[in-house]
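K.L.:
Here it is: the structure, laid out below.
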Amino acid sequence: MSRTRRELLCREQLCNETELTQLALNLARELSPGDRVLLEGPLGAGKTTFARSLLLGLGVTQPPEGSPTFAIAHEYESMNGGVVHIDFYRLRSEAEIEEAGISAYYWERKVIVIAEWLSLWPEYEAQVVSSGRTWRISLAFEAPAASQARGEPGEVPGESPGESPGESPGDSKEVGTEGADTLRRRIRITAV
């Protein structure tokens, strides 16, 4: 990839859902088998929305199955070969990572891997990052302007105060769609 294209992709910006989708579609054009995409951010920040848009941009023909929180991994076929969407949120130990066969996606198969919550396992994440071309997508909510003016943190839609990755968020990690295009997110895309 040319330096100019990388500079266009690797940046930080505020975006709404439409712009978030476009950024994912742009990144999809740069991905090839063996690449890793790490999605990080609080519950409901748009990780699964970004992943669905990546799948669309990669030419996945079957409908996305949503966040693989409970299934752990969903496999798809694309114009570029295999794509796997993994969610590390419910895994409780590195032993579970091995038992679920996740390592095969990174080291035995030549597939594009989209991973949510891999940062919960820093040692495993370091191995993943060091073993292939990796893109880190960091999503965060932008605090509403009125809250920022008062110095208050912005409320995160769909997330209760004190909720953390170790607590159960309920059945869905996605923010409701009403007003989704007006919800502003800060997104940072970096090539690791």
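K.L.:
Can you name every residue in the range 67-79 that is outside any strand (DSSP E or B) and either modelled with pLDDT of 90 or more or closer than 14 Å to Y89 by Cα (or both)? Lay out the reasoning, then the answer.
P.N.:
Within the range 67-79, the first condition is being outside any strand (DSSP E or B), and the residues that meet it are 67-72, 79.
Scanning the range 67-79 gives S67, P68, T69, F70, A71, I72.
K.L.:
Now for a different question. Kindly check whether there is at least one residue in the range 45-56 that is within 17 Å of L20 (Cα to Cα) and more than 12 Å from the chain's Cα centre (by Cα). Walk me through how you get there before you give the answer.
P.N.:
First, the residues of the range 45-56 that are within 17 Å of L20 (Cα to Cα): 45-56.
From the residues that got through so far, the ones that are more than 12 Å from the chain's Cα centre (by Cα) too are 56.
Taking every residue of the range 45-56 in turn, at least one turns out to be within 17 Å of L20 (Cα to Cα) and more than 12 Å from the chain's Cα centre (by Cα).
K.L.:
Which of the residues belonging to the range 13-65 are farther than 22 Å from E142 by Cα and part of a strand (DSSP E or B)?
P.N.:
R36, V37
K.L.:
Tell me, which residue of the range 27-44 that is at pLDDT 90 or above and among the small types (G, A, S) is nearest to the chain's Cα centre (by Cα)?
P.N.:
For the range 27-44, the residue satisfying everything is G41.
K.L.:
Among the residues in the range 96-114, are any assigned to a loop (DSSP other than H, G, I, E, B), touching a strand residue (DSSP E or B) at 6+ places or on another chain (Cβ under 7 Å), under 15 Å from W135 (Cα atoms) and not polar (S, T, N, Q)?
P.N.:
Yes - at least one qualifying residue is present in the range 96-114.
K.L.:
Of the residues T21, T61, T48, which single one is buried (at least 17 other Cβ atoms within 10 Å of the Cβ), out of contact with any Asp or Glu (no Cβ under 6 Å at 6 or more places or on another chain) and not aromatic (F, W, Y)?
P.N.:
Details: T61 fails: buried (at least 17 other Cβ atoms within 10 Å of the Cβ); T48 fails: out of contact with any Asp or Glu (no Cβ under 6 Å at 6 or more places or on another chain).
Result: T21 is the single residue among T21, T61, T48 that is buried (at least 17 other Cβ atoms within 10 Å of the Cβ), out of contact with any Asp or Glu (no Cβ under 6 Å at 6 or more places or on another chain) and not aromatic (F, W, Y).
The values are calculated or read from the model by the stated rules, or taken from the named source; none is laboratory data. Small disclaimer: the values here were computed from a predicted structure and weren't measured. Cβ coordinates were reconstructed from backbone atoms using ideal geometry, including for glycine residues, and neighbour counts include every protein chain displayed.
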